[in-house]
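Undergrad: Attaching a single structure in structure tokens format; questions to follow.
The values are calculated or read from the model by the stated rules, or taken from the named source; none is laboratory data. Nothing here was measured: the structure is a model prediction, and the numbers come from that model. Backbone-built Cβ (ideal geometry, glycine too); neighbour counts: all protein chains shown.
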Amino acid sequence: MLKLGIRVSTEGSSGRGHFHRCLNIRRYINEKVYWFVDEQSSFIKNRIPNFDYLFVEKDRNNFLTLRKYIQKSHINCVLIDSYHINVTDFYNINLNVPIIALIDKNIRIKADLVVSPQPIDIELQNDVKYLCGPKYSPINSIFFNKDKKEFFKNKILISFGAYDNNRISINVVKAIKNILSSNSWKLDVVILLGKDSLIINEIRTLIKNFKNFQLIIEPKNIENIYNECNIALGAPGLSYMERLASGLPNILIPQNNIHIDLIDKWVKLGCAIKAENSIRSIQDSLNLLILDNTLKNKLIKTGHKFIDGKGGIRIAKEIKKLVNFYD
């Protein structure tokens, strides 16, 4: 029987993408799951199943509580999704349980199964199984939508995670205001943020007296928001893959150095266009996408080719097969 432990990054600077993709894999696990997080919040507690267990580690680099529960035989498989845990160190402890690692960049890592849902080149190692590419994007299947977008009216989505610590949303709002001041276009704008974001008040000040801008804090039913919009700006994380599945043309802007390479890969695949985190660059990319419906349709079609909403199912199946092999 599968007894899965999940060690996932949940601190504010890491965003919520790590947690959400683990949660989307967990949807296809029938047994109860042990969660080990950096810090607890009502957001996390309210989203994991009631019969799961939730533990808080000492800090973001720690896995001592997880190790204890493995040694007690409560856990026979571990999924790690964190930039702060050295998976190879964890593997070398030799706890005799299979280890699955979710990664977003090409790093040498020792695990039994490595999952990379991003379109990056991975240096393969012997005795490690790999699941690579966008088909393993662990998004919720509710986001997959093949209905054709209407482009007679532009509704723009700004989505850089719950916190947006790099304040990219502010530059995007300023770029859109510049476009509105020099064109007669009608643009509706939706901005998504979490309740703990430090830029909420600044965004509110920027959009004051602009009725076509809407700020949504802690959005619910986000799939409906995706379906209402026809252009999105964001980073190349899990939410981007959700937007691809929902048929949204995307402009990608990096939030960190890892994102720079990821964005180049997605652009090369034909799934997005890119911009730098500057008002001028964002404005230029938006002007291009607003005016070019052929480009928008091409981005939608290519995105659906790579993302089908079944990544979580595929990963869960491989986890079960791995545990059966060990048993």
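Yes/no per residue for (1) assigned by TED's automatic domain parsing to the domain that holds P119; (2) modelled with pLDDT of 95 or more; (3) within 22 Å of the chain's Cα centre (by Cα):
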residue	(1), (2), (3)
D264	no, yes, yes
C271	no, yes, yes
K274	no, yes, yes
N277	no, yes, yes
R280	no, yes, no
L291	no, no, no
K301	no, no, yes
A316	yes, yes, yes
K321	yes, no, no
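Undergrad: Here is a list: N126, N50, N86. Which entry is modelled with pLDDT under 85 and surrounded by fewer than 14 Cβ atoms within 10 Å (Cβ to Cβ)? Let's see the steps before the verdict.
TA: Numbers: N50 fails: modelled with pLDDT under 85; N86 fails: surrounded by fewer than 14 Cβ atoms within 10 Å (Cβ to Cβ).
One residue alone meets the criteria, N126.
Undergrad: Of everything in region 185-232, what is in a helix (DSSP H, G or I), in contact (Cβ under 8 Å) with a residue 24 or more places away in the chain and under 30 Å from N46 (Cα atoms)? Give them in sequence order.
TA: If the condition is that a residue be in a helix (DSSP H, G or I), in contact (Cβ under 8 Å) with a residue 24 or more places away in the chain and under 30 Å from N46 (Cα atoms), then E202, I203, I222, E223, I225, Y226, N227, E228 are the ones that fit.
Undergrad: Those residues that are farther than 23 Å from K310 by Cα and assigned to a loop (DSSP other than H, G, I, E, B), I need them from region 241-293; list them, please.
TA: Across region 241-293, the qualifying residues are I253, P254, Q255, N256, A275, E276, N277, S278, D292.
Undergrad: Please determine whether any residue of region 287-302 is within 30 Å of R26 (Cα to Cα), basic (K, R), out of contact with any His (no Cβ under 6 Å at 6 or more places or on another chain) and free of Cβ contacts under 8 Å to residues at least 40 places away in the same chain.
TA: At the first step, the residues of region 287-302 found to be within 30 Å of R26 (Cα to Cα) are 299-302.
If we keep only those that are basic (K, R) as well, we get 301.
In the following step, the residues that additionally are out of contact with any His (no Cβ under 6 Å at 6 or more places or on another chain) were identified as 301.
Checking which are free of Cβ contacts under 8 Å to residues at least 40 places away in the same chain leaves us with 301.
Yes: one or more hits.
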